[in-house]
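The values are calculated or read from the model by the stated rules, or taken from the named source; none is laboratory data. This is a predicted model, so every value here is computed, not measured. Virtual Cβ from ideal backbone geometry, glycine too; neighbours counted across all protein chains shown.
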Amino acid sequence: MRLLVTAGGTREPIDSVRVIANTSTGRLGARIVDEAVAAGHEVLLLHAATAALPARPCRRLDFETHADLGRLLEQHAPQADAIFQAAAVSDYVPASTGGKLPSDQPELMLRLQRAPKLIDGLRALCPQGWLVGFKLTSDAGEDEQVAEAQALLRRARLDLVVVNDSRRTGEADHEALLVEAGGVVARCRGKAALASQLVARLPAARRAPSPGGQGMVQA
């Protein structure tokens, strides 16, 4: 299968020398790529410039900002059979200021603007693909996590959502639930186990659009 994986966090310019960013490392995305390549899949990794990279070779393109990643998805998502949208994408971006903000003021106000949810556009870009989203919660119990995951499933028309809490995201203690429309389908602990489970759940074949509405893309 042709897989597209996004990983790492976006960095948005505040002015000509400063950025606002998040703490995503891209390690889970790199783990997914390694598992997928080992399983014989063709993988394109869209990764933040500072993200961890997979050990196994694959095609890679880097991004910096929300807009960069959006352009790359528009270009490459339509060719994918499955997409793992593991990147941490900015929900808000700084309003353009131009030049460099002063550094001698006792207080500085930063104005942020809501950014479009890239994951909400994936189904339109990849109508027949198997789409996996990732949801990070904060101090949430399992019921709340499942509810948030299912809300994302419905809104973005995904096939699967990986939900985990910000308290447990380490390499070995990364605890995650795999959620489909009917509820939790798997529980994973550790990034390696999570990546392995995700790749193992890839469908054996996906429908591909054709003039006659027939045809399959085989794994």
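Which of the strands (runs of 3 or more DSSP E) contained wholly in the stretch 164-219 include at least 3 residues that are under 21 Å from residue 88 (Cβ atoms) and modelled with pLDDT of 65 or more?
Of the strands (runs of 3 or more DSSP E) lying wholly inside the stretch 164-219, those with at least 3 residues that are under 21 Å from residue 88 (Cβ atoms) and modelled with pLDDT of 65 or more span 175-180.
Just to be sure before I move on: is residue 125 at pLDDT below 90 and either of a type in the set (A, V, I, L, M) or surrounded by 19 or more Cβ atoms within 10 Å (Cβ to Cβ) (or both) in the structure I sent?
When the stated conditions are applied, residue 125 does not pass them.
Quick one: count up the residues across the stretch 116-153 that are without any contact (Cβ under 8 Å) to a residue 24 or more places away in the chain and not hydrophobic (A, V, I, L, M, F, W, C).
Adding up the residues that qualify gives 4.
Taking the stretch 1-21 as the search range and keeping residues that are assigned to a loop (DSSP other than H, G, I, E, B) and touching a Ser or Thr at 6+ places or on another chain (Cβ under 8 Å), which one is surrounded by the fewest Cβ atoms within 10 Å (Cβ to Cβ)?
15
Is it true that some residue in the stretch 135-147 is hydrophobic (A, V, I, L, M, F, W, C), under 21 Å from residue 32 (Cα atoms) and surrounded by 14 or more Cβ atoms within 10 Å (Cβ to Cβ)?
The first filter runs over the stretch 135-147 and keeps only residues hydrophobic (A, V, I, L, M, F, W, C), leaving 136, 140, 146-147.
When the remaining residues are screened for being under 21 Å from residue 32 (Cα atoms), the result is 136.
Okay, now just the ones that are also surrounded by 14 or more Cβ atoms within 10 Å (Cβ to Cβ), so 136.
Yes, there is a match, as at least one residue in the stretch 135-147 is hydrophobic (A, V, I, L, M, F, W, C), under 21 Å from residue 32 (Cα atoms) and surrounded by 14 or more Cβ atoms within 10 Å (Cβ to Cβ).
Can you tell me which residues in the stretch 100-126 are closer than 19 Å to residue 88 by Cβ and not hydrophobic (A, V, I, L, M, F, W, C)?
Correct list: 113, 114, 116, 117, 120, 121.
Take the conditions part of a helix (DSSP H, G or I) and at pLDDT 95 or above and apply them to residue 145. Does it pass?
no
Across the stretch 7-62, what is the number of residues that are touching a Lys or Arg at 6+ places or on another chain (Cβ under 6 Å), over 25 Å from residue 81 (Cα atoms) and among the charged types (D, E, K, R)?
1
Within the stretch 112-135, track down each residue that is under 15 Å from residue 3 (Cβ atoms) and aliphatic (A, V, I, L, M).
Residues satisfying the conditions are 122, 125, 131, 132.
Looking at (1) surrounded by fewer than 20 Cβ atoms within 10 Å (Cβ to Cβ); (2) modelled with pLDDT under 95; (3) of a type in the set (Ser, Thr, Tyr), which is the only condition residue 24 fails?
All conditions are met except number (1).
Kindly list the number of the only condition in (1) of a type in the set (Ser, Thr, Tyr); (2) in contact (Cβ under 8 Å) with a residue 60 or more places away in the chain; (3) closer than 30 Å to residue 193 by Cα that fails for residue 50.
Against the list (1) of a type in the set (Ser, Thr, Tyr); (2) in contact (Cβ under 8 Å) with a residue 60 or more places away in the chain; (3) closer than 30 Å to residue 193 by Cα, residue 50 comes up short only on (2).
Considering only residues of the stretch 67-86 that are in contact (Cβ under 8 Å) with a residue 40 or more places away in the chain and aliphatic (A, V, I, L, M), which is nearest to residue 129 (Cα to Cα)?
Here the answer is 82.
Looking at 36, 67, which is the one that is of a type in the set (A, V, I, L, M) and closer than 19 Å to residue 188 by Cα?
The match here is 36.
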